[in-house]
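Undergrad: Okay, here's the structure, questions in a sec.
The values are calculated or read from the model by the stated rules, or taken from the named source; none is laboratory data. The model shown is predicted, which means the values in this text are computed figures rather than measured ones. Note that we place each Cβ from the backbone using ideal geometry, even for glycine, and neighbour counts take in every protein chain shown.
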């Protein structure tokens, strides 16, 4: 039998970040299941004036044994037509598009329309967000344009699945399948070794805030929580590891005003894939004090390394963290976050929560994501046969 062909359209090496890591790991999972899988990625993902970070490109080595074509220009309609025609002629069984931002709607929507003219390829979208965290006037127009040619959807949180119903004909197949573990950042190392690499005192109680820093992620909530009197004498430090994609001054002002300079360590840089394990393995507790959310890859990195987590009760975050079992789910305010941190350390929950995470994380395999895609494809084909 011929292998089924899969083309994944979206971010991948030489681009950096969670989107690239996800697509590369998904491609590898398909290959492990004996699919013929490859990635079509961007030669231009964002114009420089729209990109808030220092660089869009990875400093790591290319991922091994993944077929990546660097070809897509997100702002050139002639390129969209060219890439669409290329994939159309290739006739993959599935074109998979991970959707996270309305800005990509015209590019992805045009490519999908071209591909579907071969009357064979089915288009499946894995949705990070359908309603963006940071809203712009063109969001609905661009998202509706993207959605129209898609045959079926996988939402990685129930909140996104619910949001999806506001955009399209509900007869299109859609399913919920949670974000798999990020298990591609290397093996665990001891806490002592990780802290030695980061030059962090082995005796402190270490909180980790990880990832690109945007206002909706609530770093200000966490900083104000750290200043709460109930944490004053607990020898707690906060490690902030990620590049600022919003005004850094507001956070530094909180640090100064609350006299937190000796309690906060800030690494204002994107953390390369090869160093991610150092940060998680060094931490006692990961804190995600988000103000809004869908799901988060940070949670699934923490689960992989079996690090307990505090999340706020927004979006899909509570779907992954079992309150009082693998971490805590709290209100998005400083007092609630501070109480959870205090409870975790006072009650010595680390060993108990780690054991629970080791069991819970088995739910979030890449094999299950592949099964979800296969199940969705079967639904799409059944619907076609009924027409």
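Undergrad: Which one of these does residue 336 not meet: (1) in contact with a strand residue (DSSP E or B) (Cβ under 9 Å, 6 or more places away or on another chain); (2) outside any strand (DSSP E or B); (3) closer than 25 Å to residue 192 by Cβ?
TA: Here residue 336 clears every test but (3).
Undergrad: List the helices (runs of 4 or more DSSP H) that sit entirely inside the range 246-330 and contain at least 2 residues that are over 19 Å from the mean Cα position of the chain (by Cα) and surrounded by fewer than 19 Cβ atoms within 10 Å (Cβ to Cβ).
TA: Counting at least 2 such residues, we get 249-257.
Undergrad: So which residues in the range 72-81 are outside any strand (DSSP E or B) and in contact with a helix residue (DSSP H, G or I) (Cβ under 9 Å, 6 or more places away or on another chain)? Walk me through how you get there before you give the answer.
TA: In the first step, residues of the range 72-81 are kept if they are outside any strand (DSSP E or B); the result is 74-81.
Result: 74, 75, 76, 77, 79, 80, 81.
Undergrad: Which condition number in (1) outside any loop (DSSP other than H, G, I, E, B); (2) more than 29 Å from residue 365 (Cα to Cα) is the one that residue 209 fails?
TA: (2)
Undergrad: So if I check each of 230, 221, which one is in contact with a helix residue (DSSP H, G or I) (Cβ under 8 Å, 6 or more places away or on another chain) and buried (at least 16 other Cβ atoms within 10 Å of the Cβ)? Explain how you work it out, then say what you get.
TA: Numbers: 230 fails: buried (at least 16 other Cβ atoms within 10 Å of the Cβ).
Result: 221 is the single residue among 230, 221 that is in contact with a helix residue (DSSP H, G or I) (Cβ under 8 Å, 6 or more places away or on another chain) and buried (at least 16 other Cβ atoms within 10 Å of the Cβ).
Yes/no matrix, rows are residues, columns are (1) in the same structural domain as residue 110 (by TED's automatic domain parsing); (2) surrounded by 20 or more Cβ atoms within 10 Å (Cβ to Cβ); (3) farther than 21 Å from residue 101 by Cβ:
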position	(1), (2), (3)
150	yes, yes, no
163	yes, no, no
166	yes, no, no
195	no, yes, yes
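Undergrad: Determine which single condition residue 203 fails, assuming it passes every other condition in (1) closer than 28 Å to residue 84 by Cβ; (2) out of contact with any helix residue (DSSP H, G or I) (no Cβ under 7 Å at 6 or more places or on another chain); (3) assigned to a loop (DSSP other than H, G, I, E, B).
TA: Result: residue 203 passes all but (1).
Undergrad: Quick one: how many residues across the range 105-123 are outside any helix (DSSP H, G or I) and in contact with a helix residue (DSSP H, G or I) (Cβ under 6 Å, 6 or more places away or on another chain)?
TA: Going through the range 105-123 one residue at a time, the tally reaches 3.
Undergrad: Given the conditions (1) buried (at least 21 other Cβ atoms within 10 Å of the Cβ); (2) closer than 24 Å to residue 292 by Cβ, report the number of the one that residue 206 does not fulfil.
TA: Failing condition for residue 206: (2).
Undergrad: How many residues does the range 219-240 contain that are at pLDDT below 95 and under 26 Å from residue 135 (Cα atoms)?
TA: So the answer is 0.
Undergrad: Run residue 52 past the list (1) at pLDDT below 95; (2) in contact with a helix residue (DSSP H, G or I) (Cβ under 8 Å, 6 or more places away or on another chain); (3) within 22 Å of residue 128 (Cβ to Cβ) and report the number of the one that doesn't hold.
TA: Residue 52 satisfies all of (1) at pLDDT below 95; (2) in contact with a helix residue (DSSP H, G or I) (Cβ under 8 Å, 6 or more places away or on another chain); (3) within 22 Å of residue 128 (Cβ to Cβ) except (2).
Undergrad: Given the structure, is residue 175 touching a strand residue (DSSP E or B) at 6+ places or on another chain (Cβ under 7 Å) and assigned to a loop (DSSP other than H, G, I, E, B)?
TA: Here the answer is no, as residue 175 does not meet what is asked.
Undergrad: Mind telling me which of the residues 358, 335 ends up being surrounded by fewer than 17 Cβ atoms within 10 Å (Cβ to Cβ), in contact with a helix residue (DSSP H, G or I) (Cβ under 8 Å, 6 or more places away or on another chain) and outside the structural domain of residue 155 (by TED's automatic domain parsing)?
TA: Exactly one of 358, 335 is surrounded by fewer than 17 Cβ atoms within 10 Å (Cβ to Cβ), in contact with a helix residue (DSSP H, G or I) (Cβ under 8 Å, 6 or more places away or on another chain) and outside the structural domain of residue 155 (by TED's automatic domain parsing), namely 335.
Undergrad: Which of the following residues is under 16 Å from residue 11 (Cα atoms), surrounded by fewer than 16 Cβ atoms within 10 Å (Cβ to Cβ) and either out of contact with any strand residue (DSSP E or B) (no Cβ under 8 Å at 6 or more places or on another chain) or in the same structural domain as residue 156 (by TED's automatic domain parsing) (or both): 58, 71?
TA: 71
Undergrad: Turning to a different aspect of this structure: If the requirement is being surrounded by fewer than 19 Cβ atoms within 10 Å (Cβ to Cβ) and over 22 Å from residue 300 (Cα atoms), which of these qualifies: 215, 201?
TA: After ruling out the rest, the residue left standing is 201.
Undergrad: May I ask you to list the residues in the range 304-325 that are out of contact with any strand residue (DSSP E or B) (no Cβ under 8 Å at 6 or more places or on another chain) and in contact (Cβ under 8 Å) with a residue 60 or more places away in the chain?
TA: Here is the first cut: in the range 304-325, the ones out of contact with any strand residue (DSSP E or B) (no Cβ under 8 Å at 6 or more places or on another chain) are 304-306, 314-316, 319, 322, 324-325.
Listed by number, the residues that qualify are 304, 305, 306, 315, 316, 319.
Undergrad: Taking residue 18 and the conditions (1) surrounded by 15 or more Cβ atoms within 10 Å (Cβ to Cβ); (2) out of contact with any strand residue (DSSP E or B) (no Cβ under 6 Å at 6 or more places or on another chain); (3) under 20 Å from residue 185 (Cα atoms); (4) free of Cβ contacts under 8 Å to residues at least 60 places away in the same chain, which numbered condition does it fall short on, given that it satisfies the others?
TA: (4)
Undergrad: Among the listed residues 144, 140, 135, identify the single one that is outside the structural domain of residue 293 (by TED's automatic domain parsing) and part of a loop (DSSP other than H, G, I, E, B).
TA: Numbers: 144 fails: part of a loop (DSSP other than H, G, I, E, B); 140 fails: part of a loop (DSSP other than H, G, I, E, B).
Answer to the selection: 135.
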